[in-house]
Amino acid sequence: MNTKYIDLIDQTYYFPQKEFKLGENGLEFHGIDLMEMVEKYGAPLKFTYLPKISENIKLAKKWFANAINKNDYKGNYNYCYCTKSSHFKHVLNEALKNDIHIETSSAFDIDIVQNLKAQGKITDETYVICNGFKRDQYIEKIAKLINEGHENCIPIIDNYEEIELLSDSIEEDFKVGIRIASEEEPKFEFYTSRLGIGYKNIIPFYEEQIKNNERVELKMLHFFINTGIRDTAYYWNELVKCLKVYVRLKKICPTLDSLNIGGGFPIKNSLAFEYDYQYMIDEIINQINITCAEWEVPVPHIFTEFGSFTVGESGGAIYEVLYQKQQNDREKWNMINSSFITTLPDTWAISKRFIMLAVNRWHDEYERVLLGGMTCDSDDYYNSEQHMAAIYLPKFRKEKPLYIGFFNTGAYQESIGGFGGLQHCLIPSPKHILIDRDKNNKLTYQLFSEQQTSEQLLNILGYEH
Ligand SMILES: Cc1ncc(COP(=O)(O)O)c(C=O)c1O
């Protein structure tokens, strides 16, 4: 009988895969020898493999270029990076190597834009799409950016007061977009997203506040489906509803020339993940072409704001299994040396699934386990709910340390987990390693941050003041 972990993986999935291979030391991710990294830096650790960011941006741009060609689409495509998925400078520096634009969500985001401008990473030509609910500070910072000459800054109007607030602070004429509040999937507790302006109210809003306003030019319609870009009746239905608003508005608003379809491209969350990105983009472009032809209006330029897709697949986390607690005949708890709640908060908050694999001991026998985090919170676990199938790992043996890796964790986990801040049960944030390739394609490693110390946490808590 094949009872080794390697056999299990081999029989369950196609393995090896493009980014996952088994090397002499254990699992390799994009050619990174993970055990070598663990031996050098210790675990727990988090890492970012920067080249994957550029790879994904290039892929999306290629898929859109293909679809535009194939459908003889007359508009162009603009890739924006949704900064809230990871604000780190190293992430933006890598993303901005690829001639892209920026989407912001709050006041401090504009300070990042100013910082990037000062460094020459972006220019006045870069689109800065400002989403989010806007109040004083955000409005002032957007206005300052525009007053300084950043004409391609486009605030997306999220509520009825924003045009007036912006007009009070911006000196010259300015462009805006309007966000359509999408209808949520039927299983949601509420019908309409709180973000944006309802479908039926868009045209009345335009007529009341923009049409006769000489200072404001409506350029973009923005639409974002919370559940992502998926091949479901719900998605296509919402897209068509949005396109109907676009063409109706275009008939009465000649300056409108762009459609922003938001973020929501999925990322690989299992070794069995399948998603036909090219098909989805072809079909979106095709739908836009059809609707615009029917209504005899020119097609819009397309904008996207991919967050997870840009940065998600660049990140990973490695933990050591410290101990095994057998709580009854069936339940073996492998305790990791960190916390899921604080380091991968989406596993706890929204039962998000990530790729999880053993890093070493692939030639050992496997067993079924549950994974527990170190906080005393009973919800600090990762199990088959997130993982869909039961979790199997090489058998725990005290004298043979076992390391496990979570992959494609690069989006949202640091900001939601509060990187460098207070942590549940004061379990410190792990160290973070940046991995890149030099001009000879050789891997390079840089320690971005050390594991949080007791002093840092006590300082936040006021004990060191
Ligand atoms: C307006 C807007 N654009 C883009 C995104 C990015 O979504 P994703 O990370 O799924 O690509 C979000 C995420 O919440 C969003 O609210």
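We did not get these values from a lab; they are worked out from the coordinates using the rules stated. A quick note: this is a predicted structure, and the numbers were derived from the prediction, not measured. Every residue, glycine as well, gets a Cβ built from its backbone with ideal geometry; the counts of neighbours run over all protein chains shown.
List of remarks:
- Farthest toward the positive end of the dipole of the chain, out of Leu145, Thr3, Asn334, is the Cα of Thr3, where the dipole comes from beta carbon charges about the Cα centre.
- Members of Lys89/Lys200; Lys84/Lys352; Lys18/Lys325 lying beyond 29 Å, as alpha-carbon distances in this model show: Lys89/Lys200; Lys18/Lys325
- Whichever lysines have a C-alpha closer than 21 Å to that of Lys332, once near sequence neighbours (fewer than 8 apart) are set aside: Lys4, Lys395, Lys398, Lys400
- Anisotropy class of the range 339-465 from Cα gyration tensor, a/c 1.5 cut: oblate
- Using alpha-carbon coordinates, inclination of helix 51-70 to the longest axis of the chain, degrees: 40
- Theoretical gain in end-to-end length, Glu214 to Lys70 [0.36 nm per residue, Cα-Cα removed]: 48.0 nm
- The length gained by stretching the chain between Thr453 and Ala118 to full extension, at 0.36 nm per residue less their Cα-Cα distance, is 117.3 nm.
- With an a/c value of 1.5 or above and a/b not larger than b/c for the gyration tensor axes a ≥ b ≥ c computed over the alpha-carbon atoms, the range 1-107 is described as oblate.
- Cα gyration tensor category, rounded, prolate or oblate, for the chain with a/c compared to 1.5: prolate
- Between Asp136 and Leu271, residue separation times 0.36 nm minus the direct Cα-Cα distance comes to 44.0 nm.
- Between the listed residues Ala233, Leu195, Pro155, the Cα displaced farthest toward the positive end of the dipole of the range 73-306, a dipole computed from Cβ unit charges relative to the Cα centre, is found at Ala233.
- The calculated FRET efficiency for the pair Glu331 and Phe15, based on their C-beta separation and a Förster distance of 22 Å, comes to about 0.20.
- Sequence-distant aspartates and glutamates (8 or more away, or on other chains) whose Cα lies within less than 17 Å of Lys134: Glu103, Asp109, Asp111, Asp158, Glu161, Glu162, Glu164, Asp168
- Exposure proxy order (Cβ contacts within 10 Å, fewest to most) of Lys61, Lys442: Lys442, Lys61
- Sequence-distant lysines (8 or more away, or on other chains) whose Cα lies within less than 18 Å of Lys219: Lys74, Lys175, Lys211, Lys244, Lys250, Lys251
- Folded to 0 to 90 degrees: helix 233-252 orientation relative to the chain principal axis, Cα: 20
- Asp99 versus Lys251: modelled label distance in nm, points set 7 Å from Cα along the beta carbon direction: 3.7
- Charging the Cβ of each Asp and Glu at -1 and of each Lys and Arg at +1, and nothing else, the dipole of the chain about its Cα centre rounds to 920 debye.
- Sorting 67-79, 5-17 by their mean Cβ neighbour count within 10 Å, with the most densely packed peptide first, gives 67-79, 5-17.
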